[in-house]
Amino acid sequence: MTASPARAGIEVSDSEPAPYGYVARQPIFTADEKVFGYELLFRDGVEDYFREKDVDAASRHTLDKSLQMGLQTLCDGKRAFVNCTRDVLLKDYITLFPSPYTVVEVLESVPPDDLVKAALERLKQAGYMIALDDFTVDDPRAALTDLADILKIDMQATTVQDRATLVSRYGPWRCRMLVEKVETREHFALTKAAGFIYFQGYFFCRPEVMHAKEIPANRLNYMRLLQAVSKPDLEIRELESLMKSEASVCYRLLQYLNSAAIGVRNEVHSIRHAITLLGEREVRRWVRLIVTLTVGQNKPSELLHSAMTRARFCEIIAERVPHGDSDLFLMGLFSMIDVLLDMPMVNILENIPVDYETKAVLLGGASTLRPLYQLMLARECGDWQGTNAQAERLGLTESEIGAAYWEAVQWVRQVNSV
């Protein structure tokens, strides 16, 4: 890994990107499934990432500005939960993160000694929120709860009674209660009813099984649009007609094309004009993207962000790995299409003509795209061992993967700001 500016003791210019090549994020939701913040998972931990040696005040200030810009992009203006060991707290590494956007997450291994308590008091006075990670009924850090804003409870490591006791003892007025490792919708409903107000886990990614439900008309239109742009020979009149029948997709396409982010110089006044300006390849790409954005409007925002980040990440990596005729942007985007459409993946792919390798990997079968697909998933959730294993198989370096992921996150934020 390349030395970070803080570790190397050099100044970072304002024009350089924030040093987030080796960080993943996990969303934290409110009870109404809106994103409250993200837990940041660093490649080698905060200590190794930000360790300094005689860095002067100007360098610290410049790094702080870079971090603030980076947090805004990485966390989309939401809070960043940063894991802190005792060393991080006592050496003030966490102060390199801006206090308005940072939650100091005190790990369960941190002893509640006087030095730790004094460090947390300083951080609290400086405007940082404090969270105690993996808090339990008989937690030795109970003495720190007077300073804590949030208590994080591991659903997999506690019983129903444990959680009820903790909510009764510490919430909701004393501390905000956050439950992590929530894996199913049922668990989400149970913990919400029990008094938790923040939730972390993969419950939002699990599609609900549909039993003999009629597919709404607009969802059929989305399916037809995806079918049209997946045909080997694009039929312009058919696509134009389908888009005109779905006002939301039509509006979003023209909105994106007329924005500065897309870079189309002339104003776009019609669907036919848009198709002509973009060309076949870009039309396929953008219709898939906009359909995904539209069908996901009633879903948690993180679903859309994840699908779009995956798509762009795979598209960037496509320049460095062999992938035959497969469209890697499509593979990344469709990796969550079942969740967005509330339909089984097998039913969706029966009606959309995607190539064999893409279809196989999306259905969990053997495919030449499997290593890249696994890399995408590992990088997203901060599985660094899995990321390195798949990168080695694909002949990619850590820096290439980190740069691709960071560019994808920035791209998604830009697109969503239109």
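The values are calculated or read from the model by the stated rules, or taken from the named source; none is laboratory data. Just so it is clear, the structure is predicted and the values come from calculations on it, not from any experiment. When we count neighbours, we look across all protein chains shown, and the Cβ atoms used for this are built from the backbone with ideal geometry, even at glycine. Surface areas here come from the heavy atoms of the whole protein model, side chains and all, with no ligands, DNA or RNA. Shrake-Rupley method; radii C 1.70, N 1.55, O 1.52, S 1.80 Å.
Quick check on Tyr256: is it part of a helix (DSSP H, G or I), open to solvent by less than 60 Å² (accessible area, probe 1.4 Å), at pLDDT below 70 and out of contact with any Cys (no Cβ under 6 Å at 6 or more places or on another chain)?
Numbers: part of a helix (DSSP H, G or I): yes; open to solvent by less than 60 Å² (accessible area, probe 1.4 Å): yes; at pLDDT below 70: yes; out of contact with any Cys (no Cβ under 6 Å at 6 or more places or on another chain): yes.
For Tyr256, the condition - part of a helix (DSSP H, G or I), open to solvent by less than 60 Å² (accessible area, probe 1.4 Å), at pLDDT below 70 and out of contact with any Cys (no Cβ under 6 Å at 6 or more places or on another chain) - is met.
Run Asp355 past the list (1) within 30 Å of Ile28 (Cα to Cα); (2) acidic (Asp, Glu); (3) modelled with pLDDT of 85 or more and report the number of the one that doesn't hold.
Among (1) within 30 Å of Ile28 (Cα to Cα); (2) acidic (Asp, Glu); (3) modelled with pLDDT of 85 or more, Asp355 violates only (1).
Which condition number in (1) open to solvent by less than 60 Å² (accessible area, probe 1.4 Å); (2) modelled with pLDDT of 90 or more is the one that Glu392 fails?
So the condition that Glu392 fails would be (1).
In the stretch 107-130, what residues are surrounded by 22 or more Cβ atoms within 10 Å (Cβ to Cβ) and touching a residue at least 40 places away in the same chain (Cβ under 8 Å)?
none
Scanning the stretch 342-377 for residues that are over 16 Å from Leu328 (Cβ atoms) and in a helix (DSSP H, G or I), which turns out most open to solvent (accessible area, probe 1.4 Å)?
Here the residue is Glu350.
Return the only residue of Arg185, Arg169 being of a type outside the set (Ser, Thr, Tyr), at pLDDT 75 or above, over 19 Å from Lys152 (Cβ atoms) and surrounded by 13 or more Cβ atoms within 10 Å (Cβ to Cβ).
When all the criteria are applied, what remains is Arg185.
State the number of residues belonging to the stretch 378-418 that are assigned to a helix (DSSP H, G or I) and touching a residue at least 24 places away in the same chain (Cβ under 8 Å).
24
Are any residues in the stretch 143-161 open to solvent by 10 Å² or more (accessible area, probe 1.4 Å), touching a strand residue (DSSP E or B) at 6+ places or on another chain (Cβ under 9 Å) and in a helix (DSSP H, G or I), and if so, which ones?
Result: Met155, Gln156.
Within the stretch 379-417, which residues are within 17 Å of Ala318 (Cα to Cα) and of a type in the set (A, V, I, L, M)?
Matches in the stretch 379-417: Ala391, Leu394, Leu396, Ile401, Ala403, Ala404, Ala408, Val409.
Taking the stretch 143-161 as the region of interest, how many residues are over 24 Å from Leu96 (Cβ atoms), more than 30 Å from the chain's Cα centre (by Cα) and at pLDDT 95 or above?
Counting residues in the stretch 143-161 that are over 24 Å from Leu96 (Cβ atoms), more than 30 Å from the chain's Cα centre (by Cα) and at pLDDT 95 or above gives 1.
Could you check Gly332 against (1) within 21 Å of Cys75 (Cα to Cα); (2) open to solvent by 50 Å² or more (accessible area, probe 1.4 Å) and say which number it fails?
(2)
Just wondering, is there one or more residues in the stretch 378-387 that are out of contact with any Cys (no Cβ under 9 Å at 6 or more places or on another chain) and open to solvent by 50 Å² or more (accessible area, probe 1.4 Å)?
Checked against the condition, which is being out of contact with any Cys (no Cβ under 9 Å at 6 or more places or on another chain) and open to solvent by 50 Å² or more (accessible area, probe 1.4 Å), the stretch 378-387 yields at least one hit.
Would you confirm, using the coordinates I've provided, whether Lys78 is open to solvent by 50 Å² or more (accessible area, probe 1.4 Å), charged (D, E, K, R) and touching an Asp or Glu at 6+ places or on another chain (Cβ under 6 Å)?
Working: open to solvent by 50 Å² or more (accessible area, probe 1.4 Å): yes; charged (D, E, K, R): yes; touching an Asp or Glu at 6+ places or on another chain (Cβ under 6 Å): no.
In short, no.
How about the stretch 46-105: which of its residues are at pLDDT 85 or above, closer than 25 Å to Tyr405 by Cα and not in a helix (DSSP H, G or I)?
Within the stretch 46-105, Lys78, Arg79, Ala80, Phe81, Val82, Asn83, Cys84, Thr102, Val103, Val104, Glu105 meet the criteria.
Spot the failing condition for Glu302; the list is (1) more than 29 Å from Asn388 (Cβ to Cβ); (2) in contact with a strand residue (DSSP E or B) (Cβ under 9 Å, 6 or more places away or on another chain), and only one is missed.
Glu302 satisfies every listed condition except (1).
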